[in-house]
């Protein structure tokens, strides 16, 4: 690569990384973050102890004590988060230190997209794909959370790209790097076990004679996975069996989809969700990129197409859990952005083929058009990201009418509890002494208490106390709604509401509003009317 391109890579890493860190405190804590942060602190402390006193740390009891917490999930994000907090917790504000690794994976994925796509459809396509991914509103949100999904999305794509490069160049060095990336993907989340299906099926068609390099990738990855997860060092067979049993028997949480409540949503859930949360112009560009791709002629284009399919199809299987919007198939989005870059390259080629742009007097316009097309493609994503900040998890595209339109069409408005932080701020400011708050659903009170709720506030999850509390609070995650939630949501005026595009994300109702709804419910029950 030339110096200019390395400068672009540096900018693509530094600018998004800093952007995420500077906005990290805008986002409230999510359901999973406290669990991962607690485990990460223990893991990092164990590694530090292993370096200082290996004789003590490497005993079976010491490993078990440190690594049993949250052993259901692999440790990459948690270890990185633990060390980040250990080293930077006194410097960075709020949750920023624990969230820093997600910003790192996000920036690495952006750079990987540029580097890979410039070799497929050219410099411009690589740059547009990288920026398109960086500005996908929901991807930007995930870059802020101390969770497993952003590292999985990043290392899934990086592994595929590095393996393709290793086989194309027939390089042992690149095979080793790709194997290391595969190991990190395995350490990120269980989705990585679909990578061998993707890479082996692709390589059998395109690089059949270079199977030793692919075999190296497939062997190095599991070796890294085992070496970096001490939980597997003790009872490896039993613990691996438990790992797979947990994921294949994972609870199928409820999801609100197309106006119905499902425990296992229909097979089309991941495809529809991916379509409605990708900004409209990026989605159109992606469709153009897929339609004009030549997978029979180009190994890289075939890999991108197979990668997109492999990232989505497992989530469409009948027994696969389907909830939390895009979260469980986040690895699909680097491939979506890649094809948007391909669509951009196709559009530029078509425009440049116009006769009037071939004239000498229009040479300047011909040079500017790619910039104009790229900016036009990305601008709605940036606008959507800024308009929904910091609640990009509630972003929906123009095809479904934004967040308000998607809510009316029966999509879940938001998930993961991030918006509950604003409920805490509201309770902290009310004049009510010793406020009693009913929080729905059960099991999220810990998240409120972690976010510096006032000491005299009393939280309950017992809905039978609805008539005696001062406030009822819930986020607008319709799959968690009880009958009381639906009645309040549809009939009562909240004392506090957090909105995006006119769609409520969090609502808090006072005693009077709750009393009126409860009285209506009692009257209907006494009259034998349906609720």
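Percent relative contact order of the chain, based on C-alpha pairs within less than 8 angstrom and at least six residues apart?
15
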Mind running the shape call on the stretch 39-118? Use the C-alpha gyration tensor, a ≥ b ≥ c as the square roots of the eigenvalues: rounded below 1.5 for a/c, prolate if a/b tops b/c, oblate otherwise. prolate
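So what is the relative contact order for the stretch 1-118, in percent, with contacts set as C-alpha pairs under 8 Å and at least six apart?
Relative contact order for the stretch 1-118 comes out at 38 percent.
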Mind ranking 317-323, 455-461, 244-250 by how tightly packed they are, going by the mean number of other C-beta atoms within 10 angstrom, highest first? 317-323, 455-461, 244-250
Alpha-carbon centroids, the stretch 188-266 and the stretch 470-505: separation in whole Å: 38
Principal-axis tilt of helix 96-117 within the chain, Cα atoms, nearest 10 degrees: 30
P(r) weight above 17 Å for the stretch 420-527, C-alpha pairs, percent: 50
For 85, 31, what ranking results if the residue with the fewest other Cβ atoms within 10 Å of its Cβ goes first? 31, 85
I'd like to compare 226-232, 108-114: which one has the highest average count of other Cβ atoms within 10 Å, and what's the full order after that? 108-114, 226-232
To the nearest 10 degrees, the tilt of helix 299-316 (Cα long axis) against the first principal axis of the alpha carbons of the chain is 20
Shape verdict for the stretch 3-340, please, from the Cα gyration tensor: rounded (a/c under 1.5), prolate (a/b greater than b/c) or oblate. rounded
Beta bridge orientation in the chain: antiparallel %, DSSP, nearest 5: 65
Compute the long axis of helix 76-88 from its Cα atoms, compare it with the longest principal axis of the Cα atoms of the chain, and write down the angle in degrees, 0 to 90, nearest 10. 80
What's the Cα-based Rg to Rh of the stretch 118-211, Rh via Kirkwood? 1.00
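Values in this text are rule-based calculations from the coordinates and carry no lab data. In this text, all values refer to a predicted model and were calculated from it rather than measured experimentally. Cβ: placed from backbone, ideal geometry, glycine included. Neighbour counts: every protein chain shown.
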